[in-house]
Amino acid sequence: MTFIEIILLAIGLSMDSLAVSVTGGAVIRDCTRRNIMKIALVMGGFQAGMTVIGYLIGKTFASYIEAFDHWIAFLLLLYLGGSMIYNSFATDEEDKKINPLENKTLMALGIATSIDALAIGLSFAVLQKTIVSPACIIGLVTFAFSGFGVYFGNKFGKMINIKLDLIGGIILIAIGTKILLEHTFLNPLSPLYIQ
């Protein structure tokens with residue numbers, strides 16, 4: 001995966017965290033630098049950490065699934081992207097009633113928004129890619145997007161409604177499709193190779 005592809009992947013993954021951060025920013029009254037940092041650190045930390053955990057799980061089973069690893073990556077990204085797109089059209093008033101600054105709530109949000117990063121880490125393992133650099137990039141991009149999201153949500157969140165999950169879902173599906181094409185139809189070693 002190229003650096004640009006990893007950045008795009010990180011942006012796609014960070015859309016859940018960005019959406020939660022915008023919502024969080026809209027409901028908190030005291031939008032200080034400390035509060036922005038707190039939310040951004042948790043979101044970015046969970047995204048990076050879950051990516052590494054998924055990678056470690058995948059490495060354990062990688063030798064058993066090498067023949068169809070690209071299908072696993074594609075299906076995981078298709079599922080995650082599809083879920084994000086589906087959720088972008090769902091309405092949930094509960095998000096507006098939470099306090100994202102409570103530690104318990106913030107941890108739950110961090111876990112919930114980083115489940116897809118676990119699947120991405122698994123994909124990296126089965127595709128035999130390195131994880132340190134991508135996990136760091138995923139964490140940093142999510143940190144930046146979440147920090148911006150809290151600030152933006154606090155200033156403008158009540159005025160507009162952006163479908164960030166929709167954008168992230170489309171990016172994840174596009175990356176999954178690219179992986180599948182590279183390993184099947186565009187790979188000279190594949191029986192499905194198209195000349």
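Overview of results
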item: Odd one out for Cys31, checked against (1) farther than 19 Å from Ile175 by Cβ; (2) part of a helix (DSSP H, G or I); result: (2)
item: Cross-chain or 6+ apart pairs with Cβ under 6 Å, region 121-146 first and touching a residue at least 24 places away in the same chain (Cβ under 8 Å) and over 10 Å from Ala10 (Cβ atoms), then part of a helix (DSSP H, G or I) and of a type in the set (Asp, Glu); result: Val126/Asp69; Leu127/Asp69
item: Filter pass, Gly82 being modelled with pLDDT of 85 or more and either in a helix (DSSP H, G or I) or surrounded by 14 or more Cβ atoms within 10 Å (Cβ to Cβ) (or both); result: no
item: Residue that is surrounded by the most Cβ atoms within 10 Å (Cβ to Cβ), among those in region 116-152 that are of a type in the set (S, T, N, Q), more than 19 Å from Phe61 (Cα to Cα) and in contact with a helix residue (DSSP H, G or I) (Cβ under 7 Å, 6 or more places away or on another chain); result: Thr142
item: Breaking point among (1) assigned to a helix (DSSP H, G or I); (2) out of contact with any Asp or Glu (no Cβ under 9 Å at 6 or more places or on another chain); (3) closer than 19 Å to Ala125 by Cα, for Met1; result: (1)
item: Number of the exception - Ile36 against (1) open to solvent by less than 40 Å² (accessible area, probe 1.4 Å); (2) within 19 Å of the chain's Cα centre (by Cα); (3) at pLDDT 85 or above; result: (2)
item: Top-ranked residue of region 85-108 - restricted to ones that are aliphatic (A, V, I, L, M) and open to solvent by 30 Å² or more (accessible area, probe 1.4 Å), ranked as modelled with the lowest pLDDT; result: Ile98
item: Residue count for region 4-28, restricted to those that are part of a helix (DSSP H, G or I) and surrounded by fewer than 24 Cβ atoms within 10 Å (Cβ to Cβ); result: 9
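The values are calculated or read from the model by the stated rules, or taken from the named source; none is laboratory data. All values reported here derive from a predicted model rather than from experimental measurement. Cβ: placed from backbone, ideal geometry, glycine included. Neighbour counts: every protein chain shown. Heads up: the accessible areas ignore ligands, DNA and RNA and are worked out on the full protein's heavy atoms, side chains in. Shrake-Rupley method; radii C 1.70, N 1.55, O 1.52, S 1.80 Å.
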